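The values are calculated or read from the model by the stated rules, or taken from the named source; none is laboratory data. Because the structure is a prediction, the values reported are computed rather than measured. Here the Cβ positions follow ideal geometry from the backbone for every residue, glycine too, while neighbour counts run over all protein chains shown.
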Amino acid sequence: MKKLVACLLVLLMLTGMVTIAGAESAREGYVNTGKLQYDLNHEVNNGEDMTLEFWVQVELAETYQKWCDAYTALHPNIKFNITQGSNEDHFKKLGMALPAGSGPHLFHMHNSFIDQFMVNLKPYDPAVFPLDDLREDYIFVDESLYGGNMYYQGLAVMSCGVFYNKQMWADAGLTENDIPKTWDELAEVAQKLTQYDENGNITVAGFNYNEMSMEYLITALHYHLGVPMFGADGRTPVFNDGFKKCVEWLRDLYTEKKVGSVELPMSILSFSQGTSAMTYIGTWFGNWMKVNAPDIEYGFFILPSVDGNPAPAYDRSNIEVSPSINANVTDAEYAVINDFLCYLLSNDNFVLDFALKQYGTPTKKCLIDNPDVQADEVLGTTARYMDRLIYPGAYPDVYHSTIKKYFYDEVMLNGMDIQEAMDACKEEIMDAMETTEFVSEENKYPHADELVFE
Amino acid sequence: MHQQPVVRGKSRRLSQSQRVMIGITVVALIVYYAVFFVFPIGYAFVGSFFNWMPTKRVFTPIGLENYRKILGQSTLGLAMRNTLVFTAVVTLGRTVLGLLIAALIHGLNHGKSLFRTIYFIPVVTSTVAVSMVWKWMYEPSNGPLNYYLGLFGVPSQRFLKDSAQALWCVMAMTVWKETGYAMVMYMAGMTGIPGTLYEAAEIDGCTRLKAFRYITLPLLKTTTEFVLLTSFVSYCQTFTQIDLMTGGGPGKASYTMVYYLYQEAFGNNRFGRASAIAFVLFAVILVFSVLQLRITRGKEAEKHA
Amino acid sequence: MHESRQKVILTGSIRLLILCIGACVMLYPFIYMILSSFKLNAEIIRTPPTFFPETFTWSNYGKVFLENRFGRFFFNSIWLTVVKTTLILYSSAFFGYVFSKLSFRGKDALFLFVLATMMIPWPVTIVPQYQLMTWFGWVGEYTSLIIPSLFSTFGIYMMRQYMAAVPDELVEAARIDGAGEFTIFHRIVMPDVTAALSALGIFQFLWVWDDYLWPFLMLQSMDRYTLPVGLSLFNGQYFNDNGGIFAAATISVMPVIIVYLLFQRQFVEGIAITGIKG
């Protein structure tokens, strides 16, 4: 009998220890050094079971699964059902489901869809997310507000820059000191990196902006000249002589300086295949390379200014944001979702995870100086230039896709006159702008006085 | 053209089971098509007179604005011209090549079914998969097609990245994929022509070419009409291969009508304008179909006269 | 005589030569796709291109099979395709029979009405269709994939053409013997049109098997995803991965090719006869 009791006691203690250890490990991943508070020990939904539908893009599935599981470990009554969608069609599916009154409880959001989706969203609960606390913890708080409502919070700052192949860089006899300081130096470096075969055809391009880079390059160079994407009214796209100059400079890189060719594959593919030594693309590309071409060692620098003097702005920034909430959720669901989102936003480790996955600089202030971030060539560089990047707001995708259509396809491939392309492009973007209430936030840029608004 | 109704004349009264069968058909088809076709199409038609942005829950009447806008844009003309060129070339290409291959295979003594199988395989594969494979083959710098052309001294081509070639490259892929369908039908048609006809022609001193022209072709008329008609309606709505291979580009060089309206709907969130494009296309298809029907019916009438 | 025989042999060889070249053109993209799916990525993008894989690898398939709940997607696709194809085959045959062998008022009008629905491009009807599914509560359910394509306009059109070729005497004789219309349809006409049914079957099988956008919009749980929906995740994730794309394309194409090779005799005849009677 004693033995049995002893056994039971031991068993009880063991299970007790396991339970404690389980709860401990669930808390282990949680680190909060910010102002926004989250209580790990409270009960949610009165302990009743609830399953939340959560739609994410395929790339983020792993990251969100991990933190949903961690939340479930804290609150075993709350479960998540994560459904993945392909990149392109995730938002198409949401665009159908949300207005029809169905769809998930919460979903991965992109700020370029805010104008389209807003009527179908419920803002974060201001009682759970006091704005002052958020402002203390995060940058990009006010940029994420619409009519005072918070539909998401920016978690990672995305920008663009030049990626170069370190091996090729060294083979061309270049060193760290050769990182270009001016546009001309960039062209010179590109020339040194270009390789030709015996017929004079390019085998390795010094610089490649094919298909998905040129449109972003143009607007970045345009910033260097102090011209914003949108005019004084915040809605009319600017196509002026400066714009023309940027396009001409880029065209000359291919036609005069022969550092690249439109016959090469798309910029990012060519770079990952080792047929281009440099390309210009979003910071996300850093992570993409690690997955798709781990053998290529790359370096990164921000586009140099025109003449070596500080530019009014070096590039555009954008944010990757936290999940948004379906307007159709019940009050009980709304409470749990807010609790979950608070768990995420107050958790340094989640924000870091998310930012590293998207490959942008975390917006949580305590993380900007994080050694992992600073040591990373791409994220560290972006962080250093942060105050010289312009956030134009959640402008519609059609802006850059139309620029691509006219200035890469029509000008570069078909030889259309640049002025003609500018006129047609402007008309088409203006036509598309009718569908959105977007107003540019470029005038809120801290150094907006250095820009010229037309 | 018209089948003689079996029951007419013999017993005007339908049997119990026939009535049940007709009843099921009428009710099922009307209900099904009303719900899943008439309602959505009617909705879209009404939507073509509205500023219709589903994700923003906007649905406000704007009269003929959508039609006025698209008719004022050069894209509509371009997309329509591309659609008609695509339809005409692929329909003709598939029909002529199908006939030619069928004639060649038909003349073989051995291996007929082997060749038939091979030429038909592309028909039964997914457009998505073959579009991806062809896109890679067309890649200018390291795709295989330029490499093989280079062996014959042909200079490097840009294919899908050249405005003058892009649409033709997609057409070539489509003809490649769909010729087998026409071929199989022509082969069957040829099998149905009695050999005695050719023997008689040979005795009359007819060359093979003449026999083909004056015996084979006329007897394959119904097959030809069927191929042309079915091709027309489906190629007018070409979308998948354009979307996957060129994305309508370069620029808008390979825009087709359905690609254009898809862009308006899902790219610009303007379902009203997309619907207007759809009904312009519908009108064109309808006009061509009625014309085709008139011509066929006219010939039938001539024959009976 | 001797000369003309030579000529016959000569034209025969030319004919065979042309056909063989044509066959190579027809098969090249497939063989290229299949062989490339066994190549490493570095080899695929190399110039000059290789035809046979230098280093044979299963790794492209490994990625698809392991990382994507592939078995589940495959199984969903198989049963859904079989069920949908069967239903469409039966409904097409049934309506085809009524349209070709029975006579009633408004038949032509009804038939034209059915046909006209083919002429509206699908993208504009997606939103209203989605709304319908929401009203019916079918979003996320397989019913949203099965019911809206229970009948096929193409199928009805095709079966009507084919049924017209079945001799009326056959049907009439059975009627005189007192057979009910359903018996005639099931016992006499259906067995006579198996060829056309296999032809329609292979097309429907291909279309249902390939269907991507609608299933993607409708299915809201990954356990229910079909193969094309599942593979689209794969493409998005590794769109640089040519080997993976070729492997995925091969996997999606193979089942239809196998079905085709199994049933090819019947269905090639089936298409053929429809063509003549057009």
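Figures for the structure shown
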{"quantity": "Breaking point among (1) modelled with pLDDT of 95 or more; (2) under 20 Å from A:Leu303 (Cα atoms), for A:Asp387", "calculated": "(1)"}
{"quantity": "Residue among B:Phe159, B:Phe152 that is more than 8 Å from every other protein chain (Cβ to nearest Cβ) and on the phi > 0 side of the Ramachandran plot", "calculated": "B:Phe159"}
{"quantity": "Segment B:51-61, subset touching a helix residue (DSSP H, G or I) at 6+ places or on another chain (Cβ under 8 Å) and surrounded by fewer than 16 Cβ atoms within 10 Å (Cβ to Cβ), residue nearest to the other protein chains (Cβ to nearest Cβ)", "calculated": "B:Arg57"}
{"quantity": "Residue count for segment A:200-217, restricted to those that are surrounded by fewer than 23 Cβ atoms within 10 Å (Cβ to Cβ) and either without any contact (Cβ under 8 Å) to a residue 24 or more places away in the chain or of a type outside the set (Ser, Thr, Tyr) (or both)", "calculated": "6"}
{"quantity": "Hits in segment C:153-200 (condition: within 30 Å of B:Ser234 (Cβ to Cβ) and of a type in the set (D, E, K, R))", "calculated": "C:Arg160, C:Asp192"}
{"quantity": "Selected residue [in contact with a strand residue (DSSP E or B) (Cβ under 9 Å, 6 or more places away or on another chain), part of a helix (DSSP H, G or I) and within 11 Å of chain B (Cβ to nearest Cβ)] from C:Val127, C:Val171", "calculated": "C:Val127"}
{"quantity": "Breaking point among (1) at pLDDT below 90; (2) outside any loop (DSSP other than H, G, I, E, B), for B:Gly247", "calculated": "(2)"}
{"quantity": "Index of the failed condition, B:Gly143 passing every other in (1) on the phi > 0 side of the Ramachandran plot; (2) crowded, with 19+ Cβ neighbours inside 10 Å", "calculated": "(1)"}
{"quantity": "Pair list, Cβ < 8 Å and 6+ apart or interchain, from segment A:265-292 residues that are without any contact (Cβ under 8 Å) to a residue 12 or more places away in the chain to residues that are of a type in the set (Lys, Arg) and in a loop (DSSP other than H, G, I, E, B)", "calculated": "none"}
{"quantity": "Number of positions in segment A:110-167 that are assigned to a strand (DSSP E or B) and either closer than 24 Å to A:Ile390 by Cβ or more than 14 Å from chain B (Cβ to nearest Cβ) (or both)", "calculated": "17"}
{"quantity": "Some residue of segment C:133-151 being in contact with a Leu (Cβ under 8 Å, 6 or more places away or on another chain), in contact (Cβ under 8 Å) with a residue 24 or more places away in the chain, surrounded by fewer than 18 Cβ atoms within 10 Å (Cβ to Cβ) and at the interface with chain B (Cβ under 10 Å from one of its Cβ atoms)", "calculated": "yes"}
{"quantity": "Verdict on A:Gly226 being touching a residue at least 40 places away in the same chain (Cβ under 8 Å), farther than 22 Å from A:Met416 by Cα and assigned to a loop (DSSP other than H, G, I, E, B)", "calculated": "yes"}
{"quantity": "Failed item in (1) in a helix (DSSP H, G or I); (2) among the hydrophobic types (A, V, I, L, M, F, W, C); (3) surrounded by fewer than 21 Cβ atoms within 10 Å (Cβ to Cβ), with B:Leu108 passing the rest", "calculated": "(1)"}
{"quantity": "Residue match in segment B:50-60 (condition: on the phi < 0 side of the Ramachandran plot, of a type in the set (S, T, N, Q), part of a strand (DSSP E or B) and more than 26 Å from the chain's Cα centre (by Cα))", "calculated": "yes"}
{"quantity": "Selection from segment B:183-205 of residues that are buried (at least 17 other Cβ atoms within 10 Å of the Cβ) and either more than 9 Å from chain C (Cβ to nearest Cβ) or modelled with pLDDT of 90 or more (or both)", "calculated": "B:Met183, B:Met190, B:Ala201"}
{"quantity": "Options B:Met137, B:Met80: the member that is assigned to a helix (DSSP H, G or I) and touching a Pro at 6+ places or on another chain (Cβ under 9 Å)", "calculated": "B:Met137"}
{"quantity": "Filtered residue count, segment B:206-227, keeping only those that are crowded, with 16+ Cβ neighbours inside 10 Å and within 30 Å of B:Leu281 (Cβ to Cβ)", "calculated": "5"}
{"quantity": "Residue in segment B:229-240 that is at pLDDT below 80 and in the same structural domain as B:Tyr181 (by TED's automatic domain parsing) present", "calculated": "yes"}
{"quantity": "Residue ranges of helices (runs of 4 or more DSSP H) in segment C:1-94 with at least 3 members farther than 30 Å from C:Gly201 by Cα, under 29 Å from the mean Cα position of the chain (by Cα) and at pLDDT below 90", "calculated": "C:59-67"}
{"quantity": "Top-ranked residue of segment C:95-110 - restricted to ones that are hydrophobic (A, V, I, L, M, F, W, C) and buried (at least 17 other Cβ atoms within 10 Å of the Cβ), ranked as farthest from the other protein chains (Cβ to nearest Cβ)", "calculated": "C:Phe99"}
{"quantity": "Those residues of segment A:45-67 which are away from chain C (no Cβ under 14 Å) and buried (at least 20 other Cβ atoms within 10 Å of the Cβ), in sequence order", "calculated": "A:Trp67"}
{"quantity": "Helices (runs of 4 or more DSSP H) within segment C:203-278 that include 3 or more residues at pLDDT below 70 and within 11 Å of chain B (Cβ to nearest Cβ)", "calculated": "C:242-277"}
{"quantity": "Subset of segment A:401-454 (residues that are within 17 Å of A:Asn210 (Cα to Cα), surrounded by 14 or more Cβ atoms within 10 Å (Cβ to Cβ) and of a type outside the set (A, V, I, L, M))", "calculated": "A:Ser401, A:Thr402, A:Lys404, A:Lys405, A:Tyr406, A:Phe407, A:Tyr408, A:Asp409, A:Glu410, A:Asn414"}
{"quantity": "Count - residues of segment A:245-277 that are in a loop (DSSP other than H, G, I, E, B) and more than 10 Å from every other protein chain (Cβ to nearest Cβ)", "calculated": "6"}
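So that you can scan it fast, the table gives a plain yes or no per residue for (1) farther than 28 Å from B:Thr55 by Cα; (2) among the hydroxyl-bearing types (Ser, Thr, Tyr); (3) more than 18 Å from the chain's Cα centre (by Cα):
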| site | (1), (2), (3) |
| --- | --- |
| A:Val321 | no, no, no |
| A:Asn338 | no, no, yes |
| A:Leu341 | no, no, yes |
| A:Leu352 | yes, no, no |
| A:Leu356 | yes, no, no |
| A:Gly360 | yes, no, no |
| A:Tyr385 | yes, yes, no |
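For every residue, the table says whether it meets (1) in contact (Cβ under 8 Å) with a residue 24 or more places away in the chain; (2) among the aliphatic types (A, V, I, L, M).
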site	(1), (2)
B:Val85	yes, yes
B:Ala88	no, yes
B:Arg116	yes, no
B:Val128	yes, yes
